[in-house]
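Presented below is the structure to which this report refers.
Readers should treat all values here as calculations from the given coordinates under stated rules, not as data from a laboratory. Treat the numbers as computed from the prediction; the structure is a model and nothing was measured. All Cβ positions, even for glycine, are placed from backbone atoms using ideal geometry, and neighbour counts span all protein chains on display.
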Amino acid sequence: MESLRRKFLHDSVNKLREILSELDEQPFVSNELKQKLFRAFHTIKGTSQVLGLKTVSQIAHQLENLIQHNEIVPNHLHKEIQILINALKGKLSSEEFNSLPAKEEKLEPEILPSELVQRLSHQEKKLLTRAILEGKNILVVSKSFQVETFADEFKEFQSEFSDYAEIVASFCRRDRENLDFQFVLTTSENAKGIEGLKIEKFLSARLLLLMSRLIAHGKQVALSRGKEIQFEFYGDFVELPENLLDSVFEILLHLIRNSVDHGIARQGKIKIEVRQESNKLILCLSDNGQGIDLAKVKKKAIEKGIIHEETELSNQEILSLIFTPGLSTSDEVSEISGRGIGLDVIKQKIEEKSGSLQVQTSTEGTSFEIVFNV
């Protein structure tokens, strides 16, 4: 374990020094460099947590939050990275630690619950650390077995996911008839082989990075509009395909901006759900706002000459008009969304990837469901 710890510290310092060199060569912090920084901070945070390097994990998490909240001050970034390097080298002063900008808000879960990490053995921490460094996904799952048939049930349980995941650690609690297990698994594949399990935590590095960025952007948009919005994210057994990453981010970002700017009045909730059903990737974004005003949509469509005043339309047909280019129910221009909802652009981007978009609305909120074939 000590040799693994030394390797982690050495490699992390070298990685951060490479980033510092890139910073010195750039007049500004590019988006590509921001993502490189985020990945470095994220990996250092998770690995140091498992290795018991609490101060390093705290600093990496604080710097990660700066990236998420887009609160990087280029002139200060060099100093903040150096503070993390000093922490990795065991040469951090209290003055340096206290100089870091603090963030109370936490957008992303820990790699594993701290109480679970404390129960890991030396060898389990070693295996888990290597898995994180290799970019594998971490799952925490629960499964109950009957005492009398445990051997057969456990063998069947293992065979269900043997091609997709590996057990790193397990914890058991026994009652009269059952053995209740909590497993820590690692996988680099889409975890389709364990669909019947109760998943307590599924961490796809790619999905977490994307959702963390989306939630950070969403909170920034809400703050700029003076709104209090709670974000929730639910991710199923999903590893986003590489060819859809940028499109999914852009589409969901547009929908988040739309919900913040037009769907929710002052306070509300936006929920993002990502799941996979057979060969379909399904993205759902919903809010609990006031819903889309269908009467206003129809009125605007008549004013624009899109439909005639005497045209009779069902509610669903009126709702479909929101995807018409140039149709806007907004009378206000915002710096965030411009004028109007721009759903025609979103629909076009989805169809360019051979996807489909469905929308439902009521006085209790609006939901968008996007489906891609994968």
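Counting Lys +1, Arg +1, Asp -1, Glu -1, what net charge surrounds residue 365 among other residues with beta carbon under 9 Å of its beta carbon?
-1
For 121, 286, 356, which order do you get if you count the other beta carbons within 10 Å of each Cβ and list the fewest first? Intermediate results must be reported in sequence, preceding the final value.
Numbers: 121 10, 286 21, 356 13.
The fewest-first ordering by Cβ neighbours comes to 121, 356, 286.
Kindly flag which residue pairs out of 45/79; 7/89; 227/269; 219/298; 7/45 have an alpha-carbon separation exceeding 21 Å in this structure. Could the numbers behind the result be given before it?
Numbers: 45/79 18 Å; 7/89 12 Å; 227/269 11 Å; 219/298 31 Å; 7/45 15 Å.
Check vs 21 Å cut-off fails for 219/298.
How much net charge surrounds residue 284 when only the other residues with a Cβ under 10 Å from the Cβ of residue 284 are counted, with Lys and Arg +1 and Asp and Glu -1?
Details: positive: 271, 275; negative: 273, 369.
Overall, the nearby charge balance is 0.
Evaluate E = 1/(1 + (r/R0)^6) for residue 151 and residue 316, where r is the Cβ-Cβ distance and R0 equals 51 Å; express this FRET efficiency to the nearest 0.05.
Numbers: r = 55 Å, r/R0 = 1.08.
The value I calculate is 0.40.
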note = Once amide hydrogens are built 1.01 Å from N within the peptide plane, the residues lying 5 or more places from residue 53 or on another chain with amide H under 5 Å from its amide H are none
message = Net charge within 10 Å of residue 355 by Cβ-Cβ distance, Lys/Arg positive one each and Asp/Glu negative one each, not counting residue 355 itself?
response = +2
